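Right, one structure below, let's go through it.
The values are calculated or read from the model by the stated rules, or taken from the named source; none is laboratory data. Note that the structure is a prediction, hence the values are computed from the model and not measured. Backbone-built Cβ (ideal geometry, glycine too); neighbour counts: all protein chains shown. Keep in mind that these areas ignore ligands, DNA and RNA; they rest on the heavy atoms of the full protein, side chains included. Shrake-Rupley method; radii C 1.70, N 1.55, O 1.52, S 1.80 Å.
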There are 2 protein chains.
Amino acid sequence: MAFEFELIATDGRARAGILHTPHGDIPTPCFAPVGTQATVKAVPPRDLTELNASLVLANTYHLHLRPGEDLVQQMGGLHEFMQWNGPILTDSGGFQVFSLTQINKIDDEGVTFRSHIDGSQRRLTPESSMAIQQALGADIIMAFDQCPPPKDRETVEKAVARTHNWAARCREAHPYDDKQALFGIVQGGIFQDLRAQSAEFIQSLDLKGYAIGGLAVGESKAEQYETLDFTLPLMPNNRPRYLMGVGDPDDLCEAITRGIDIFDCVIPTRLARHGAAFTFDGRINMKNARFKDDPNPLILDEAFKSYSQNFSRAYLRHLMIAKELLGYYLLSLNNIAFLITHVQNMRQAIIEGRLAEYTQTFLQRYLGRSQ
Amino acid sequence: MAFEFELIATDGRARAGILHTPHGDIPTPCFAPVGTQATVKAVPPRDLTELNASLVLANTYHLHLRPGEDLVQQMGGLHEFMQWNGPILTDSGGFQVFSLTQINKIDDEGVTFRSHIDGSQRRLTPESSMAIQQALGADIIMAFDQCPPPKDRETVEKAVARTHNWAARCREAHPYDDKQALFGIVQGGIFQDLRAQSAEFIQSLDLKGYAIGGLAVGESKAEQYETLDFTLPLMPNNRPRYLMGVGDPDDLCEAITRGIDIFDCVIPTRLARHGAAFTFDGRINMKNARFKDDPNPLILDEAFKSYSQNFSRAYLRHLMIAKELLGYYLLSLNNIAFLITHVQNMRQAIIEGRLAEYTQTFLQRYLGRSQ
């Protein structure tokens, strides 16, 4: 049963399902908060449970550098280390290697780079990424890929070829077992033929799930949605589909409508640290003077549940102005709860066959008033 | 019944009691964490409840400057503003005016100073301190005093005279009611005759509680304990006695043994931000390499309860090295829980007539291994 994906309902191309994992079921669509360094920034794991988080992401690149996968393994693996007993997904390290480091050399074997922490020279290959992720012990692990700028055809072509070669090597290096599932990543930038070629190859590896990589890294929203339009029909129905790094509330509407099941993004916690909060009436800057004496909770809808709702906007503004840690915590709770609730609402709407109505109403209110 | 102080048991000079307040009973001895800007740094109020905090301190000086007492009052007072429904004590602003600001002028009427936030010129007087504290709405408020360096006799003499004059004016300005109790502050540095003179005068105002101010600001531990030795017998038995700004675990032993009932200190949260943690075996630096692969919880005693106990020292070290907000939160929980537990243990020992035994065992272990 582990990693079986059950489709519960569809509404157009949108899907509601359940992904079974050794650490519990993930109802999909699902938004996963990101615990970069084995902690979702400012949020204790028991609060994640309270917020109905059903999947947490952690970063292979960061954990490999610090504290190192050997230590995490010695401490009983990621679940035990970070005291999050629900499902965990680790990325491959590929994205960070290309975005955070000074790269010395990319070759067909792997990538040599310098650590952003201490400048030490390191190397990641498909095989070492698999070994690191196995040691970390997440439920779902990702194939090591190359994520290029999405609109430079020549670079994207090379990255697709390399990604395929690396994916096959990851598959080889990671014998499937019931404890850890390998997902493959479809690359191809904004190019329909490359996405098609990539979707076909990656599926041929017969993996437990498939991700769309290389989006939300420089293309326009229209290009992102169009890429989803022509890529998703090429992906199998009986496997979960994961859109990496996307978390804007409006993007979630568009991607779920097109058939995506899983999302992750740092946006809820990153925005919180900058004093920004999601509301159904759009994103707001909590430091804005108009909240100075606002006695209302952050989200005006009574159905919305989060501990952050106990506090007034006036108090939250005071915390952010005074740079109090409690402010980052409460805004992080709000923003994660908002995205999880939003995705749960969409799941319910799919089950009830009214997704278009939900997203239209949501987008009108969310975008209408924030623009 | 409000602000009645019940003595439950004594053990030598040490006392166990209950202070009744409009927001609940405070079992004494009691350690109060400090919420400087209407938040105990990094700790949500629901966690304070879980840690059995029975009193929280907030700072008049800080809240007067930001967000201002008018706003707090408009938002329903401090309890409602910070969502802490237990007892709150506010200090008078005097200590911060003297320690944090560039003072322009002290005169018998009050103090003119510059805000440490924006440099604006401000003035505090006994009357304005009372008005601010009334607006903030804490259960217990403190008389506006002058806290001098404790060993300069000439300065201390002047500060004592001024403190008495100001205390009488505070008493006059604050008509006692059942909602808010005014505590007086005994000054006098390390000088026995000045402490005696101050204790006598402040008691003559017939207040609901009495504090010892002007300690833990530059004297040695021996001088602090000696001052308590000769000051406490001069203070009434039927009122709570509050030692301001003291929170070192060994100082708590010494002061409770000598008859103190209430403490406050920023030390648990300040230490946490610097990566230091209280344990029964002494204070430790969580970043120390010896904890790198330590699978134990921070406190080895199984009876010790705190959510922070769910995490390994190895993980806590990782969080502190990686500067993760969760690390500050978990160490703050540990340190507050430690002081509250320690004081609760002493209360139980007083009730059972074995305080000397408890403190001897505690100090041997706490100081013995940390030196």
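A few remarks follow.
- Segment B:41-55, subset under 16 Å from the mean Cα position of the chain (by Cα) and of a type in the set (S, T, N, Q), residue nearest to the other protein chains (Cβ to nearest Cβ): B:Asn52
- Residue list for segment B:1-41, filter: among the small types (Gly, Ala, Ser), open to solvent by less than 10 Å² (accessible area, probe 1.4 Å), touching a residue at least 60 places away in the same chain (Cβ under 8 Å) and within 30 Å of A:Leu316 (Cα to Cα): B:Ala32
- Selection from segment A:74-89 of residues that are facing chain B (nearest Cβ under 8 Å) and in contact with a strand residue (DSSP E or B) (Cβ under 7 Å, 6 or more places away or on another chain): A:Met82
- Residues that are of a type in the set (Phe, Trp, Tyr) and surrounded by 24 or more Cβ atoms within 10 Å (Cβ to Cβ) do not occur anywhere in segment A:113-125.
- Qualifying residue in segment B:5-24 (condition: modelled with pLDDT under 95 and in contact with a Pro (Cβ under 8 Å, 6 or more places away or on another chain)): no
- Any chance B:Ser92 is of a type outside the set (Lys, Arg), more than 14 Å from chain A (Cβ to nearest Cβ) and part of a loop (DSSP other than H, G, I, E, B): yes
- Residue match in segment B:181-188 (condition: modelled with pLDDT under 95 and open to solvent by less than 10 Å² (accessible area, probe 1.4 Å)): no
- Given (1) assigned to a helix (DSSP H, G or I); (2) open to solvent by 10 Å² or more (accessible area, probe 1.4 Å), number of the condition A:Leu63 does not satisfy: (2)
- Segment B:347-371, subset among the β-branched types (Val, Ile, Thr) and over 27 Å from B:Thr49 (Cβ atoms), residue least open to solvent (accessible area, probe 1.4 Å): B:Thr359
- Conditions (1) free of Cβ contacts under 8 Å to residues at least 40 places away in the same chain; (2) over 21 Å from the mean Cα position of the chain (by Cα); (3) open to solvent by 50 Å² or more (accessible area, probe 1.4 Å); number of the one not met by A:Thr155: (3)
- Inclusion of A:Ser120 among residues that are touching a residue at least 40 places away in the same chain (Cβ under 8 Å) and small (Gly, Ala, Ser) is not warranted.
- The set of residues in segment A:66-89 being assigned to a helix (DSSP H, G or I) and either among the hydroxyl-bearing types (Ser, Thr, Tyr) or crowded, with 20+ Cβ neighbours inside 10 Å (or both) consists of A:Glu69, A:Val72, A:Leu78, A:His79, A:Phe81, A:Met82.
- Looking across segment A:114-129 at every residue that is within 23 Å of A:Leu215 (Cα to Cα) and in contact with a strand residue (DSSP E or B) (Cβ under 9 Å, 6 or more places away or on another chain), the one that is farthest from the other protein chains (Cβ to nearest Cβ) is identified as A:Thr125.
- Checking B:Gly24 against (1) within 14 Å of chain A (Cβ to nearest Cβ); (2) more than 15 Å from the chain's Cα centre (by Cα), the condition it does not meet: (1)
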